[in-house]
Amino acid sequence: QVQLVESGGGSVQTGGSLRLSCLASPYTGRWAYMGWFRQAPGKEREGVAIFYTRDGSANYADSVRGRFTISQDNAKNTLYLQMNSLKPEDTAIYYCAAGTTFRGNWSDFGRYSDWGQGTQVTVSS
């Protein structure tokens, strides 16, 4: 019924850029918000950015603010994460997630009801 499918991951050099995409079914507005999380080996899952589909506002983790931009394209039912000035510490599996409840903080993964399978991002020096 509902589905989130990530794409756009890959390997880049430090300072490079990638744009991740999350194709949402049936459409992005199905959820109140959509976000990107990441998880590196041996580390806990962390929130990267959130986009509120109904007002266009966004929040970012301190570690990515100024480098990453979250956005959506309603016509394509797609959420994007533009990642610039990538660093090795950005290496992780990136997950698209979405939810409708406003309990807790935006970066609490338990708040999100739907998840994609993830896409690998590797940044080498």
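The values are calculated or read from the model by the stated rules, or taken from the named source; none is laboratory data. Since the structure is predicted, the reported quantities are computational estimates derived from the model, not experimental observations. Here the Cβ is made from the backbone with ideal geometry for all residues, glycine too, and neighbour counts use every protein chain on show. Heads up: the accessible areas ignore ligands, DNA and RNA and are worked out on the full protein's heavy atoms, side chains in. Shrake-Rupley method; radii C 1.70, N 1.55, O 1.52, S 1.80 Å.
Structure summary
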quantity	calculated
Qualifying chymotrypsin sites (Phe, Trp or Tyr not before Pro) in the stretch 1-107, DSSP loop, other Cβ atoms within 10 Å at most 16	Tyr27, Phe102
Per-pair calculated FRET efficiency, R0 = 35 Å: Asn74 and Gln39 via Cβ, rounded to 0.05	0.80
Histogram of C-alpha separations across the chain, 10 Å bin width, %	14, 50, 31, 5, 0
Per residue, in Å², the accessible surface of the chain once ligands and nucleic acids are set aside, probe 1.4 Å	51 Å²
The stretch 12-36 and the stretch 107-125: distance between their alpha carbon centers, rounded to Å	10 Å
Student exercise, the chain dipole from Lys, Arg, Asp, Glu Cβ charges, in Debye to nearest 20	100 debye
Solvent-accessible area of Asp55 with every protein chain in place, 1.4 Å probe, in Å² to the nearest 10	110 Å²
Net dipole in debye of the stretch 55-106 [+1 Lys, Arg Cβ; -1 Asp, Glu Cβ; about Cα centre; nearest 20]	20 debye
Carbon plus sulfur fraction of accessible area for the chain, probe 1.4 Å, in percent	44 percent
